[in-house]
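Undergrad: Quick one: the structure is below, and I'll ask about it shortly.
What follows is calculated from the coordinates using simple rules that are stated; it is not laboratory data. Every value quoted in this text rests on a predicted model; they were computed, and no experiment measured them. Cβ coordinates were reconstructed from backbone atoms using ideal geometry, including for glycine residues, and neighbour counts include every protein chain displayed.
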Amino acid sequence: MPTAPSLLEQHPLLRHLSEAQLVQLRQMGEVESYSPGEDIVVEGSLGDALFLVLSGDVVVHRGPQTFATLSANDFFGEMSLVEPAPRSATVTAMSAAFLFRLPHDALRRLISEDPSAASVLLVQVVKTLSERLRRANTMLSSVDRLADWLAGSMV
């Protein structure tokens, strides 16, 4: 299995950073390991870090309701990059998992120390969020069409 640093440099959010920028970012965060069933973040707790999933699977949920299952190359906690706020869901490891935790303060420091690296990171976050929004819009559109069809078939 690749080492955590090599998994970090392969993560889509960081792929476009130079080696020097990766070293700098590596020093600003930390790799954490989680066991199956272990909570990574808990709904209502302070969201003060972005997490990059390096290996394993995690589930995003609120109680029994699952919102997403994330694997290597995914991330969560992106809203905390803008402003620390209470977490909207709990994230739990489904398997042994390695994650890179980048604190909110580290991004603020990166913005002042290396605006280019911060820009690359934030552009990748925005691209991913845009893709997620497009998928959500497509799903909502499908639900609307199904609702219209159901309403028409009941007449």
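Undergrad: Between segment 120-145 and segment 6-35, what is the separation of their alpha carbon centroids in Å?
TA: Centre-to-centre distance over Cα atoms comes out at 24 Å.
Undergrad: Along each of the three principal axes of the Cα atoms of segment 4-153, give the extent in whole Å, ordering the values from largest to smallest.
TA: If we take the Cα atoms of segment 4-153, the spans are 61, 33, 28 Å.
Undergrad: Right, here's the next one. How would you rank 89-100, 28-39, 117-128, highest first, on the average number of other Cβ atoms within 10 Å across their residues?
TA: Values: 89-100: 20.2, 28-39: 14.1, 117-128: 16.2.
The peptides rank, most packed first, as 89-100, 117-128, 28-39.
Undergrad: Along the charge dipole of the chain, which of L99, T69, S142 sits closest to the positive end, that is, farthest toward it, with unit charges on the beta carbon of Lys, Arg, Asp and Glu (+1, +1, -1, -1)?
TA: Farthest towards the positive pole: S142.
Undergrad: Using a simple charge model, +1 on the beta-carbon of Lys and Arg, -1 on the beta-carbon of Asp and Glu, nothing else, what dipole does segment 1-99 show about its Cα centre, in debye to the nearest 20? Don't skip to the end; give the middle numbers.
TA: Working: 4 positive and 12 negative charges, 25 e Å.
Value, rounded to 20: 120 debye.
Undergrad: Treating the angle as unsigned and between 0 and 90°, give the value, to the nearest 10°, between the Cα long axis of helix 104-113 and the longest Cα principal axis of the chain.
TA: Helix 104-113 sits roughly 60 degrees off the main axis of the chain.
Undergrad: Put a dot 7 Å past each Cα toward the Cβ at V42 and E19; how far apart are the dots in nm?
TA: Taking the simple label geometry, E19 and V42 are separated by 4.3 nm.
Undergrad: Given springs between every Cα pair under 10 Å in a Gaussian network model of the chain, which of D48, D114, D144 has the largest fluctuation?
TA: D144
Undergrad: Rounded to the nearest 0.05, what FRET efficiency do S71 and S112 give with R0 = 41 Å and r taken as the Cβ-Cβ distance? Could you check?
TA: 0.80
Undergrad: Now a separate question. Would you mind classifying segment 50-108 by shape? Square roots of the alpha carbon gyration tensor eigenvalues, ordered a ≥ b ≥ c; an a/c under 1.5 is rounded, otherwise it is prolate if a/b is larger than b/c and oblate if not.
TA: Taking the square roots of the gyration eigenvalues as a ≥ b ≥ c, segment 50-108 is oblate.
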